[in-house]
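Below is the structure I would like to discuss, written out as structure tokens.
The numbers here are math on the coordinates, done by the rules we state, and not lab data. None of the values given here were measured: they were computed from a predicted structure. Glycine gets a Cβ as well: all are built from the backbone with ideal geometry, and neighbour counts include every protein chain shown.
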């Protein structure tokens, strides 16, 4: 799905003052693009991602998702569009602690009114896709950080979302596990998903095809990633989790 932002502003009232977070952001992501959004703390990265993810409204400006203006949808319309079209992956995973892996992934489908057997079937299928089929009955607390992030990605995928948004998806992971997660995002990009991830890590950003830099609420740089082929070779040469465990033992 394509994303187009035109003149996006976001400001909050702070007493008699206005806090201006975004200052006229123009951005277009074509369907199937893989981009990384970088910038210092307070630059507007998370606010921009939340607007694209339909979790927040712009103060002014236009946002078109696959050509449809979604800038002024009401709460119900936004929730439905988000459920159908956008998958969100968080740094802290945001899994529900009391639910099993399978139940966590089934949750978005519940809001579509889907029958439990169909929800279970679709969730099991996508968990197999991310290599977590043998953990369906586990609780999040029984999983490693990398496994929790795989479950979070499965939850983002289960509804067939065309857009995947990821906010520091490797921030709480060790280097090898983070690279494994990036390999998964690359596979999803190759399948035609539109992927936008926020990261502070230049090495992680190198795995995207395009880097956007935001500062003081404006996009300051937008460029293709040089030497991306070399970064992808690193991902292809990664050992699987099972291979890494064999080496460690």
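Between (i) 91, 16, 12; (ii) 30, 23, 16; (iii) 23, 21, 20, which entry matches semi-axes √(5λ) of the Cα gyration tensor in Å as derived from the coordinates of this structure?
The value matching this structure is (ii).
Counting alpha carbon pairs within less than 8 Å and at least 6 residues apart, what relative contact order, in whole percent, applies to the chain?
26 percent
While we're looking at this one, here's another question. With contacts defined as alpha carbon pairs under 8 Å and 6 or more residues apart, what's the relative contact order of region 1-128 in percent?
It rounds to 22 percent for region 1-128.
Also, quick follow-up: What does the C-alpha gyration tensor say about the overall shape of region 1-75? Classify as rounded when a/c is under 1.5, otherwise prolate if a/b is larger than b/c, or oblate.
oblate
Pull out a ≥ b ≥ c, the square roots of the eigenvalues of the alpha-carbon gyration tensor of region 20-145, then state rounded if a/c is under 1.5, prolate if not and a/b is larger than b/c, and oblate in the remaining case.
Cα axes put region 20-145 in the prolate bin.
A further question on this structure: Provide the gained length on full extension for the span residue 141 to residue 172, in nm with one decimal, where the gain is 0.36 nm per separating residue minus the Cα-Cα distance.
9.7 nm
Which shape class, rounded, prolate or oblate, goes with region 121-167 when its Cα gyration tensor gives a ≥ b ≥ c as root eigenvalues, a/c under 1.5 marks rounded, and past that a/b bigger than b/c marks prolate?
Because a/c hits 1.5 or more and a/b fails to exceed b/c, region 121-167 counts as oblate.
Could I ask something else about it? Using a 7 Å offset from the Cα along the Cα-to-Cβ direction at both residue 125 and residue 92, what is the distance between the two label points in nm, to one decimal?
Using points 7 Å along Cα→Cβ, the separation is 3.3 nm.
Obtain the nm distance between the two label points defined at residue 107 and residue 222 by a simple spin-label model: each point lies 7 Å from its Cα along the Cα-to-C-beta direction.
Taking the simple label geometry, residue 107 and residue 222 are separated by 3.4 nm.
How much of the DSSP bridge set in the chain is antiparallel, in percent, rounded to the nearest 5?
Of all bridge pairs located within the chain, approximately 55 percent are antiparallel.
Using 0.36 nm per residue of separation minus the Cα-Cα distance, give me the extension gain between residue 74 and residue 62 in nm, one decimal.
Residue separation times 0.36 nm, minus the Cα-Cα distance, leaves 2.8 nm.
I've got another one for you. Modelling each spin label as a point 7 Å along the Cα-to-Cβ direction, I'd like the residue 19/residue 201 distance in nm, to one decimal.
2.8 nm
Here's something else I'd like to know. Would you give the gap between the C-alpha center of region 45-65 and the C-alpha center of region 128-197, rounded to a whole Å?
23 Å
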